[in-house]
Amino acid sequence: MLQIYNTLSRQKEYFKPLHEGHVGMYVCGPTVYGDAHLGHARPAITFDLLYRYLMHLGYKVRYVRNITDVGHLEHDADEGEDKIAKKARLEQLEPMEVVQYFTNRYHRDMELLNVLPPSIEPHASGHIIEQIAFVQKIMDKGYAYVSNGSVYMDVEKYAQDYPYGKLSGRNLEDIVTETRELDGQQEKKHSFDFALWKKAAPEHIMHWPSPWSEGFPGWHMECSAMGTKYLGEQFDIHGGGMDLMFPHHEAEIAQSCAALGHDSVHYWMHNNMITIAGKKMGKSYNNFITLEQFFEGKHELLEQPFSPMTIRFFILQAHYRSTVDFSNDALVAAEKGLARLTEAYQRLMKIKASAATELSTVNCELSTLATRCQEAMDDDLNSPIVISHLFDSARAINTVFDGKGTISEADLKELREVWKTYAMDILGLQLDGVQDAGAGMDAYKGAIDMLLNMRLEAKRNKDWATSDKIRNELTALGFTIKDTKDGFEWSL
Ligand code: ZN
């Protein structure tokens with residue numbers, strides 16, 4: 001049975017959905033004012049793993065991942081302007097052009113990483129009415145106040161009735177000392193109060209009418225409003241990066257409790273962060289490497305390009321709650337590990353079983369392989385253990401491939417099933433040597449096989465010119481071709 005670590009209770013809990021057979025899951029998505037970087041890949045892949053596993057377990061999952069395109073209060077300190085609006089103003093674009101441009105690029109990056117699209121991908125800017133209604137509910141319950149056209153959460157009042165800070169383990173005194181001096185501070189009763197609605201300055205280009213002012217919602221509001229709209233007042237799982245725990249998720253809990261009188265989320269899940277050479281990613285370190293830069297190898301910190309599957313594998317090799325440190329060496333090691341798995345998978349598809357009556361001579365504890373993979377996934381999504389089981393069974397595959405052992409028909413069938421289910425479907429690793437060819441995949445693979453079979457025939461006929469031409473031209477296109485005792489192996 002699946003156990004997941006609930007950040008709120010600080011322990012692993014057996015997962016029991018609110019509605020049998022159905023799971024509602026909300027994950028905080030990207031703010032689309034720039035390209036996705038390595039820090040975006042981790043939550044996307046972590047919750048993709050969870051989404052895939054829940055579906056494997058037979059649940060019908062409604063997965064909501066939002067697009068933050070307005071109201072992110074992480075302003076440039078001096079200007080207090082929304083980053084999307086700022087970019088639009090500087091580049092003389094309609095804000096929605098900026099949003100669409102970066103949303104398209106985010107989707108492309110996610111597709112390359114083999115991250116499945118969510119069931120619903122709501123935009124904050126498309127849910128202003130719902131956000132205003134949510135703020136109004138909080139006002140009606142007396143936990144918010146209007147100041148100079150903006151609406152703030154009255155955190156002190158709220159904390160008298162509900163435990164504020166329970167997710168991040170903070171108390172109000174800690175928060176006071178942590179709060180930076182931000183725009184609007186002088187309008188608030190207390191520094192820890194946060195904006196539910198902000199009055200727009202005259203130069204601000206993204207604003208909507210509301211009962212309080214022409215303005216825009218506070219950043220935390222979108223997730224409360226859209227989460228409850230699409231998943232109900234109570235839903236199963238809310239995920240995101242650990243960096244969102246405070247203030248974002250803490251504020252979401254406060255908003256829900258204030259408006260609805262109860263928590264909305266049953267299981268809070270947070271992935272740990274990625275550091276680069278031991279340092280947090282941040283502007284001041286100049287170490288933001290975008291995913292595109294990884295794929296193309298174009299960043300001063302990168303010694304070579306790394307494929308999207310290498311990035312995915314690199315992230316899945318660590319448990320989602322441990323930190324991951326990026327370095328070229330670590331990624332090169334991941335690249336090699338992935339190549340070994342890819343080779344084993346392709347050999348697995350080629351090896352033949354011994355006669356039906358014979359038992360396997362290879363010992364890879366096949367009878368328990370599927371169970372052990374499932375146990376690892378059930379243990380709070382322990383992907384590194386699943387990967388180590390796959391590596392163990394790769395040794396058996398290679399032994400059979402090299403003719404030093406045999407495998408029975410039943411064992412071979414089981415082994416192929418486990419690799420397809422765990423490596424391909426659940427870990428989402430594309431091990432067939434071809435990435436993202438979609439519906440054209442079979443045709444594409446068939447065409448390469450056909451060329452290499454023609455090359456084999458040419459070799460048999462001692463037509464070396466043709467055989468070399470095919471090999472050289474495929475190599476020039478980026479294919480790796482290996483001659484084996486039964487024919488050939490290739491990868492891109
Ligand atoms: Zn959120």
Can you find a residue in segment 99-119 that is open to solvent by less than 30 Å² (accessible area, probe 1.4 Å) and modelled with pLDDT under 95? yes
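A quick yes/no check of all residues on (1) in contact with a helix residue (DSSP H, G or I) (Cβ under 8 Å, 6 or more places away or on another chain); (2) outside the structural domain of THR7 (by TED's automatic domain parsing); (3) under 29 Å from ASP380 (Cα atoms):
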site	(1), (2), (3)
LEU172	yes, no, no
GLU187	no, no, no
ALA225	yes, no, yes
PRO247	yes, no, yes
Evaluate the following for PHE15: is it within 16 Å of the ligand (Cβ to nearest atom) and open to solvent by less than 10 Å² (accessible area, probe 1.4 Å)? no
Checking the structure you have, find out if any residue of segment 243-257 is under 21 Å from ARG52 (Cα atoms) and open to solvent by 10 Å² or more (accessible area, probe 1.4 Å). no
Could you list, in sequence order, all residues of segment 30-46 that are within 14 Å of the ligand (Cβ to nearest atom), open to solvent by 20 Å² or more (accessible area, probe 1.4 Å) and within 12 Å of the chain's Cα centre (by Cα)? HIS40, PRO43
Selection from segment 228-244 of residues within 14 Å of the ligand (Cβ to nearest atom) and over 24 Å from MET273 (Cα atoms) yields THR228, LYS229, TYR230, LEU231, PHE235
Flag for ASP263 being of a type in the set (Asp, Glu) and out of contact with any Ser or Thr (no Cβ under 8 Å at 6 or more places or on another chain): no
Within segment 355-409, restricting attention to residues that are without any contact (Cβ under 8 Å) to a residue 12 or more places away in the chain and among the charged types (D, E, K, R), which residue is least open to solvent (accessible area, probe 1.4 Å)? ASP402
Can you find even one residue in segment 209-219 that is under 18 Å from the mean Cα position of the chain (by Cα), open to solvent by 20 Å² or more (accessible area, probe 1.4 Å) and within 12 Å of the ligand (Cβ to nearest atom)? no
Can you find, within segment 323-343, the residue that is nearest to PHE306 (Cα to Cα) among those that are free of Cβ contacts under 8 Å to residues at least 60 places away in the same chain and open to solvent by less than 10 Å² (accessible area, probe 1.4 Å)? LEU331
Unmet criterion (only one of (1) open to solvent by less than 70 Å² (accessible area, probe 1.4 Å); (2) among the hydrophobic types (A, V, I, L, M, F, W, C); (3) away from the ligand (no atom under 13 Å from the Cβ)) for ALA225: (3)
Of all residues making up segment 26-58, the number that are in a loop (DSSP other than H, G, I, E, B) and either among the aliphatic types (A, V, I, L, M) or in contact with a helix residue (DSSP H, G or I) (Cβ under 9 Å, 6 or more places away or on another chain) (or both): 9
Mind telling me which of the residues VAL146, VAL176 ends up being open to solvent by 20 Å² or more (accessible area, probe 1.4 Å), under 22 Å from ASP243 (Cα atoms) and of a type outside the set (D, E, K, R)? VAL176
Give the residue, chosen from ALA124, ALA201, that is touching a Ser or Thr at 6+ places or on another chain (Cβ under 6 Å), in contact (Cβ under 8 Å) with a residue 40 or more places away in the chain and either closer than 26 Å to TRP268 by Cβ or open to solvent by 20 Å² or more (accessible area, probe 1.4 Å) (or both). ALA124
Do we find a residue being more than 30 Å from ASP48 (Cβ to Cβ) and not assigned by TED's automatic domain parsing to the domain that holds GLN293 anywhere in segment 95-107? no
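The values are calculated or read from the model by the stated rules, or taken from the named source; none is laboratory data. Not measured: the values here are computed from a predicted model. Every residue, glycine among them, receives a Cβ derived from its backbone with ideal geometry; neighbour counts consider all protein chains shown. All accessible areas refer to the heavy atoms of the entire protein, side chains included, with ligands and DNA or RNA removed. Shrake-Rupley method; radii C 1.70, N 1.55, O 1.52, S 1.80 Å.
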